[in-house]
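Colleague: Handing you this structure, nothing more for now.
Computed from the coordinates by the stated procedures, all read-outs in this text should not be read as laboratory data. What you see is a predicted model, and the numbers here were worked out from it, not measured in a lab. Cβ: placed from backbone, ideal geometry, glycine included. Neighbour counts: every protein chain shown.
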Ligand SMILES: [Zn+2]
């Protein structure tokens, strides 16, 4: 191959490199409400339990906003008081909101009255605050039974990737575990009440953006795959 041939290859390689890096930037900057773009990309949902907690949740919302990422938050009812503005911000910024009971209790084996004291009360609080309904349910500890399905009144959302971030609060381990398990349609479970989990979440976003993933809410994830969510049905992923 002559000098000219080598130069052509070098120019082509440089062009390809610049194209691929600009594609990553484009993916990261895409707004979440661009449904036409969703099905062509690998999709993944970040979900956060046990909040809101003003300090950590606010920093997470800032980081997600910088990256144009929408997530889903399963809130504890008793923590909404004094954090109303944080919950309103989640809603305003396009994140999806769900119920994680009022007192973080296991929902299995509860009668309708006790179930409503946990789930119905939290649903009413959120409806009052946000002026709309349609909240998903994530049962604490991922525990459900026929009673939970019958009483839920909405879809029940579990997860497919759980790095147990609450255990050692080791940011590097959590990032590695989630990134290595990530696949199209995954639902990631983290907790926005720990600073280390906020750090991990933002690093996970940056790593998976570089791999071409698009982060979306639970509703967006299932809608993009043409799957409708049913009341009282249990979901842990949206694998194609
Ligand atoms: Zn929880």
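Colleague: Can you compute the FRET efficiency between residue 41 and residue 82 using 1/(1 + (r/R0)^6), with r the Cβ-Cβ distance and R0 = 45 Å? Round to the nearest 0.05. Don't jump to the answer; show the numbers that get you there.
Modeller: Numbers: r = 38 Å, r/R0 = 0.85.
The value I calculate is 0.75.
Colleague: Report Rg (one decimal) and Dmax (nearest whole number) for region 147-209, counting Cα atoms only, units Å.
Modeller: So, for region 147-209, Rg and Dmax equal 13.5, 40 Å respectively.
Colleague: A follow-up question, please. Quick one: if you stick a label point 7 Å off each Cα along the C-beta vector at residue 183 and residue 104, how many nm between them?
Modeller: Spacing of the two 7 Å Cα→Cβ label points: 3.1 nm.
Colleague: Assuming R0 = 45 Å, can you tell me the calculated FRET efficiency for the pair residue 91 and residue 170, based on Cβ-Cβ distance, to the nearest 0.05?
Modeller: 0.90
Colleague: Place the peptides 192-200, 43-51, 206-214, 165-173 in order of packing, highest mean first, counting for every residue the other Cβ atoms within 10 Å and averaging per peptide.
Modeller: On the way: 192-200: 21.4, 43-51: 24.9, 206-214: 17.6, 165-173: 15.8.
Result, highest mean Cβ count within 10 Å first: 43-51, 192-200, 206-214, 165-173.
Colleague: Continuing with this model, one more query. Would you mind giving the three semi-axes, in whole Å and largest first, of the ellipsoid equivalent to region 31-235 according to its Cα gyration tensor? Please list the in-between numbers first.
Modeller: Details: eigenvalues 127, 70, 58 Å².
Equivalent ellipsoid semi-axes, largest first: 25, 19, 17 Å.
Colleague: Sketch the reach of a paramagnetic label on residue 149 as a point 7 Å from Cα along Cα-to-Cβ, and name the residues of region 199-240 whose backbone nitrogen lies under 14 Å away.
Modeller: Counting only backbone N, you get 230-236.
Colleague: Obtain the nm distance between the two label points defined at residue 234 and residue 211 by a simple spin-label model: each point lies 7 Å from its Cα along the Cα-to-C-beta direction.
Modeller: Those two pseudo-labels are separated by 2.7 nm.
Colleague: In units of 2.2 N^0.38 Å, what is the alpha-carbon radius of gyration of region 113-240?
Modeller: Values: Rg = 15.9 Å, N = 128, 2.2 N^0.38 = 13.9 Å.
Cα-based Rg divided by the globular estimate yields 1.14.
Colleague: Right, here's the next one. Among the DSSP beta bridges whose two residues both lie in region 32-125, what percent are antiparallel, rounded to the nearest 5? Walk me through the numbers before you get to the answer.
Modeller: Working: 0 of 8 bridges.
If we restrict to bridges inside region 32-125, about 0 percent are antiparallel.
Colleague: Could you sort the peptides 149-155, 79-85 by per-residue average Cβ neighbour count (10 Å cutoff), highest mean leading? If you can, show how the numbers build up before the last one.
Modeller: On the way: 149-155: 17.6, 79-85: 14.7.
By packing density, highest mean first, the sequence is 149-155, 79-85.
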